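Remarks on the structure that follows.
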Amino acid sequence: MSADQTQLAFDWSCRIMADNGCGFPAPGLHSFLFKPIATFGGFEFNKVMLLALITTLLVVTFFTLAFGKAKVVPGKLQMIGEAGYDFVRRGIVYETLGKKEGEKFVPLMVSLFFFIWIMNIWSVIPLAQFPVSSIIAYPMVLAAVVYVVWVSMTFKRHGFVGFFKNVTGYDKELGGVLPLVMVIEFFSNLLVRPFTHAVRLFANMFAGHLMLVMFTVASWYLLNSWMIPAAGVSFVMTIVMIGFELFVQAVQAYVFVLLACSYIQGALAEHH
Amino acid sequence: MIANLVQLAAEEEQNPLVPPGPELLVGTIAFAIVFFFFWKKLLPNINKVLDERRAAIEGGIEEADAMKVEAQSVLEQYKAQLQEARHEAARLRQEAQEQGATLIAEMRAEGQRQREEIIAAGHSQIEADRKAAASALRQDVGKLATDLAGKLVGESLEDHARQSRVIDRFLDDLEEKAEAAR
Amino acid sequence: MAAMETLAALEGNIGSVGYGLAAIGPGVGVGIIFGNGTQALARQPEAAGLIRANQILGFAFCEALALIGIVMPFVYG
């Protein structure tokens with residue numbers, strides 16, 4: 001059983017057909033709340049923060065080992081690191097922003113990708129089993145970083161008036177509907193965009209975690225009397241969902257970075 | 001215990017889209033560390049190495065190109081030499097053939113000459129023999145004839161002068177007849 | 001009070017119905033994306049990389065709606 005459910009609202013004795021009269025302990029918001037591990041004078045340090053810091057440690061350690069003493073003829077670790085680095089650099093940044101413009105965004109995108117990916121992967125790691133990005137604060141921070149970069153790039157590239165033309169999709173040929181389009185574009189670009197950017201990652205991980213918890217809890221809950229085969233089905237579903245989550249985690253990290261790139265591309269594009 | 005837990009959960013229950021403050025802080029710090037590591041240290045490091053590698057690969061390609069060019073020139077040189085050698089061989093063969101031809105011609109001429117010499121020698125020998133035989137024959141025939149005539153005539157015709165006159169006349173007649181018959 | 005008669009009652013959370021509704025649109029969308037993506041791949045296998053990248057991007061856009069549908073009951077629950 002994953003550790004987070006033992007912290008809040010999980011009762012081991014709750015089984016189907018058991019006579020203690022408790023129902024299925026369905027996962028819910030309480031699956032995303034943690035009692036603080038330690039408190040430093042009002043600052044409550046909980047498991048998710050620990051995982052976030054371990055993520056940092058892990059990413060930094062891995063890439064220090066891989067790239068710290070980089071050699072022209074790479075070792076195994078460096079080869080893996082380079083493959084990941086090259087995937088983000090060539091596959092995402094150069095594809096969307098081009099080699100010349102994209103070069104200075106490579107560090108941001110590479111760190112975003114690996115940070116998010118590892119944060120997501122905690123979802124299926126035993127004992128951790130909680131995707132850090134399913135707490136909205138973390139995707140929000142990252143989306144805010146991208147938002148700040150994007151907005152400042154737009155200002156820098158187009159100036160103050162150009163900025164508003166860029167974010168409102170100003171186009172004289174539209175004629176009468178132009179004000180309407182401008183209002184919609186303004187809201188969708190400046191307000192909805194960062195929100196969906198963060199929520200997309202958050203909601204994916206949130207839903208994924210709910211699914212995993214649901215099936216794991218159900219495997220335990222059903223493990224009684226004649227429902228044991230159902231528990232087996234539930235357990236198989238858990239395994240399947242773990243595989244699917246692994247895919248979704250990578251895809252979400254990819255999509256987050258890809259969207260960040262395409263926002264910045266919109267900022268860099270010459271408006272006509 | 002359950003009630004306790006549920007109560008705790010209910011107390012802390014909140015909108016999942018409203019970020020808790022401390023977590024924002026931790027998230028910012030965590031990402032900032034990763035970003036600065038990548039930005040300041042790791043990516044310049046690896047980029048340098050990648051550039052070096054590219055340079056090395058390009059250097060290797062250049063070297064390979066140079067070697068290819070060299071190999072090409074060597075091959076051409078070799079081909080030229082081979083060509084030359086072939087020409088030389090052909091020339092030598094030609095020369096040898098010519099020499100052989102002249103040699104053969106010389107030999108043939110020599111042989112011809114020798115043959116002719118031998119033939120000539122043979123001819124003169126035969127001529128001499130024929131002459132000797134003819135003169136011997138003439139003498140014998142004359143002697144026989146005179147003997148016969150002497151016996152017939154009963155008179156010695158042994159007078160030499162007469163004898164040779166008669167014989168000569170006889171033989172001359174004979175030759176005239178032979179000439180006429182021919 | 002006799003006039004107030006309960007004709008139908010719902011037990012549990014209405015949010016689950018909400019999620020069912022929220023999943024319709026993204027379901028259709030994801031189907032269209034992968035259908036057209038497969039078609040595009042069949043027509044131009046040489047553009048596989050580009051098509052797949054855009055396919056996944058579109059998939060993520062669509063899927064996000066369904067996932068927001070999952071989250072919303074929690075937000076307003």
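The values are calculated or read from the model by the stated rules, or taken from the named source; none is laboratory data. The model shown is predicted, which means the values in this text are computed figures rather than measured ones. For neighbour counting, all protein chains shown are included, and Cβ atoms are generated from backbone atoms with ideal geometry for every residue, glycine included. Ligands, DNA and RNA are excluded from the accessible area calculation, which covers all protein heavy atoms including side chains. Shrake-Rupley method; radii C 1.70, N 1.55, O 1.52, S 1.80 Å.
Taking A:S219, is it over 30 Å from A:R89 (Cβ atoms), over 17 Å from the mean Cα position of the chain (by Cα), open to solvent by 50 Å² or more (accessible area, probe 1.4 Å) and of a type in the set (G, A, S)? So A:S219 does not fit the description; no. Residue count for region A:25-40 under the criterion of being in a helix (DSSP H, G or I) and more than 7 Å from chain B (Cβ to nearest Cβ): the result is 1. The requirement of being surrounded by 10 or more Cβ atoms within 10 Å (Cβ to Cβ) and touching a residue at least 24 places away in the same chain (Cβ under 8 Å) is not satisfied by B:R91.
For region A:121-131, the set of residues classified as more than 14 Å from chain B (Cβ to nearest Cβ) and either open to solvent by 20 Å² or more (accessible area, probe 1.4 Å) or among the hydroxyl-bearing types (S, T, Y) (or both) consists of A:I121, A:S123, A:V124, A:I125, A:P126, A:L127, A:Q129, listed by residue number. Summed over region B:13-62, the residues that are assigned to a helix (DSSP H, G or I) and either within 7 Å of another protein chain (Cβ to nearest Cβ) or of a type in the set (A, V, I, L, M, F, W, C) (or both) give a count of 30.
When A:E173, A:E185 are checked against the criterion of being open to solvent by less than 80 Å² (accessible area, probe 1.4 Å) and of a type in the set (D, E), a single residue qualifies: A:E185.
Look at (1) part of a helix (DSSP H, G or I); (2) within 14 Å of chain A (Cβ to nearest Cβ) and you find that B:A89 fails only one, number (2). Of the candidates A:G232, A:G208, the single residue that is touching an Asp or Glu at 6+ places or on another chain (Cβ under 7 Å) and in a helix (DSSP H, G or I) is A:G208. Within region A:68-95, the set of residues being within 11 Å of chain B (Cβ to nearest Cβ), of a type in the set (A, V, I, L, M, F, W, C) and free of Cβ contacts under 8 Å to residues at least 24 places away in the same chain comprises A:A70, A:V72, A:V73.
Here C:G25 meets each of (1) in contact (Cβ under 8 Å) with a residue 12 or more places away in the chain; (2) within 14 Å of chain A (Cβ to nearest Cβ); (3) under 10 Å from the mean Cα position of the chain (by Cα) with one exception, condition (2). Only a single criterion out of (1) hydrophobic (A, V, I, L, M, F, W, C); (2) within 16 Å of B:N45 (Cα to Cα); (3) facing chain B (nearest Cβ under 8 Å) is not satisfied by A:F62, namely (3).
Across region A:132-162, which residue is surrounded by the most Cβ atoms within 10 Å (Cβ to Cβ) among those that are more than 13 Å from every other protein chain (Cβ to nearest Cβ) and closer than 21 Å to A:F114 by Cβ? It comes out as A:W150. The sole residue among A:R15, A:R89 that is among the basic types (K, R), surrounded by 13 or more Cβ atoms within 10 Å (Cβ to Cβ) and at pLDDT 85 or above is A:R89. Within region C:65-77, identify whether any single residue is closer than 22 Å to A:G91 by Cα and open to solvent by less than 30 Å² (accessible area, probe 1.4 Å), and answer yes or no. Taking every residue of region C:65-77 in turn, none turns out to be closer than 22 Å to A:G91 by Cα and open to solvent by less than 30 Å² (accessible area, probe 1.4 Å).
Checking the stated criteria, A:L77 turns out not to satisfy the condition of being of a type outside the set (D, E, K, R) and surrounded by 15 or more Cβ atoms within 10 Å (Cβ to Cβ). Inside region A:96-120, residues that are surrounded by fewer than 20 Cβ atoms within 10 Å (Cβ to Cβ) and in contact (Cβ under 8 Å) with a residue 24 or more places away in the chain make up a count of 1.
Rundown of residues vs (1) within 14 Å of chain C (Cβ to nearest Cβ); (2) at pLDDT below 90; (3) surrounded by fewer than 23 Cβ atoms within 10 Å (Cβ to Cβ), yes/no style:
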site	(1), (2), (3)
A:M214	yes, yes, yes
A:N224	no, yes, yes
A:P229	no, yes, yes
A:T238	no, no, yes
A:G243	no, no, yes
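The condition (being under 22 Å from A:V251 (Cα atoms) and open to solvent by 50 Å² or more (accessible area, probe 1.4 Å)) is satisfied by just one residue among C:N13, C:N36: C:N36.
Name the single residue, out of those in region C:39-64 being within 14 Å of chain A (Cβ to nearest Cβ) and in contact with a Lys or Arg (Cβ under 9 Å, 6 or more places away or on another chain), that is most open to solvent (accessible area, probe 1.4 Å). Among those that are within 14 Å of chain A (Cβ to nearest Cβ) and in contact with a Lys or Arg (Cβ under 9 Å, 6 or more places away or on another chain), it is C:F61.
Each residue in region A:25-46 was checked for being hydroxyl-bearing (S, T, Y) and open to solvent by 50 Å² or more (accessible area, probe 1.4 Å), and 1 pass.
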